[in-house]
Structures are given as C-alpha cells and as structure tokens.
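Reviewing the structure listed below.
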Amino acid sequence: MITPKESIEINKIAAFKLPAYEDIPDDGLFLEQVTRYVQEYLQVLEGITITSSMISNYVKKGLVDNSIRKKYYRDQIVYIFFIAVVKSVLSLEEIEILLSFRAKEYDIALLYGYLKDEFKNALSFVFGIDEEMKEAQIDYTEERYLLRNTIITAAHKIYLDTIFKLNS
C-alpha cells in the first residue's frame, strides 16, 4: 500500500521532465545561473544535486567544455544535465568512458532527446506510474544499450533514495 508521502513523491515524479533541447538557454549563462537552472529541474529527484564546484570539477576533468568568456551554452548545459543524472551510479571515470562513445553516435541534440525521453520513461516505470517500460524507437547499438541501462539504473537509485528518505 502506498503511503500519502509516497503518493506525493510519485506525483512529483509523474510531473517531472527535462527541458526540450531547444528550450535550454543558448545565450550564455554564468556558472551560478547554470547551477540554478539545472538544479531547478532536478530538485524533485532525490539524491540528484548539482553545485557550482561540481560543474567546475567536470570542466577540469574535461567532461564539460570550458566556459566561453565565463558563460556556458546549451551543449555544455546538456552535458551537465547528463552528468548530474548519472553520477549517482557511475564514477567520473566511467562517465568519461560513456561520453567518449558519443563521438561515434549522433549529434548532441539527438542524444539529449534520447536521454530526456528514456529518463522520463525509466522514472515512470520504476515509480509505478507506468506498468511497463516503453521501448525507444531507435536502433540499439552497444553504446545506446549501455546508455539506456545507465539511465534505468539511475532511475532505480532515485527511487531507492526517495523511499529511504520517506521512511527515515
């Protein structure tokens, strides 16, 4: 039986969605603005946080391109969303390997759309909103299968973090 607190959390997850690629700002945001923007979307997800120092660390490690005149643009913000979602289940070294596969894949807008849709799909299934996982309408390469399983694992981790927090 679902408790009232769990019901509230399920409703938050049901309403959750990442922004469309076109809706992510591309006019340049300063580090603090990027942090607030990304955190605003991810705040409903238990165990998922992003800070300015984390973003700076991702830049230092080469996971996100350097800012341009201290501003970050759409593609950099996309990488920050991705890293924020998967860092709870992968090390930064593993994220670097996963990101290296992107060079073999499609452009970033297409991959972000895949992340956005698969993440929503996985969260809906894991939280019991949908009864089954929808299959993505793409050809699965080894890299996409790895990405899909990473996203599913992150959704399970968010679910566990949410339930543990509600029962602590």
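Within the group 57, 149, which residue is within 14 Å of residue 35 (Cα to Cα) and either out of contact with any Gly (no Cβ under 9 Å at 6 or more places or on another chain) or not in a helix (DSSP H, G or I) (or both)?
Matching residue, one of 57, 149: 57.
I want to confirm something. Restricting to the range 77-102 and keeping residues that are surrounded by fewer than 20 Cβ atoms within 10 Å (Cβ to Cβ) and β-branched (Val, Ile, Thr), which single residue is farthest from residue 123 (Cα to Cα)?
97
Provide a single number: the residues in the range 26-73 that are open to solvent by less than 40 Å² (accessible area, probe 1.4 Å), of a type in the set (Val, Ile, Thr) and over 15 Å from the mean Cα position of the chain (by Cα).
1
Determine, yes or no, whether residue 85 is in a loop (DSSP other than H, G, I, E, B), modelled with pLDDT of 95 or more, of a type in the set (A, V, I, L, M, F, W, C) and within 28 Å of residue 128 (Cβ to Cβ).
When the stated conditions are applied, residue 85 does not pass them.
So for the range 58-69 (the condition being closer than 22 Å to residue 154 by Cα, among the acidic types (Asp, Glu) and without any contact (Cβ under 8 Å) to a residue 60 or more places away in the chain), does at least one residue qualify?
No, because not a single residue in the range 58-69 is closer than 22 Å to residue 154 by Cα, among the acidic types (Asp, Glu) and without any contact (Cβ under 8 Å) to a residue 60 or more places away in the chain.
Give the residues of the range 152-168 that are under 12 Å from the mean Cα position of the chain (by Cα) and surrounded by fewer than 22 Cβ atoms within 10 Å (Cβ to Cβ), sorted by residue number.
Scanning the range 152-168 gives 152, 153.
Given the options 101, 82, name the one that is in contact with an Asp or Glu (Cβ under 7 Å, 6 or more places away or on another chain) and aromatic (Phe, Trp, Tyr).
Result: 101 is the single residue among 101, 82 that is in contact with an Asp or Glu (Cβ under 7 Å, 6 or more places away or on another chain) and aromatic (Phe, Trp, Tyr).
Any chance you could count how many residues in the range 1-25 are open to solvent by less than 80 Å² (accessible area, probe 1.4 Å) and either part of a strand (DSSP E or B) or among the charged types (D, E, K, R) (or both)?
2
Given the conditions (1) open to solvent by less than 40 Å² (accessible area, probe 1.4 Å); (2) modelled with pLDDT under 85; (3) in a helix (DSSP H, G or I), which single one is not true for residue 118?
That leaves (2) as the condition not met.
The values are calculated or read from the model by the stated rules, or taken from the named source; none is laboratory data. Bear in mind that the values here come from a model prediction, so they are computed numbers and not experimental data. No Cβ is skipped: glycine too gets one built from the backbone with ideal geometry, and neighbour counts run over all protein chains shown. Just the protein is used for accessible areas: all its heavy atoms, side chains included, with ligands, DNA and RNA removed. Shrake-Rupley method; radii C 1.70, N 1.55, O 1.52, S 1.80 Å.
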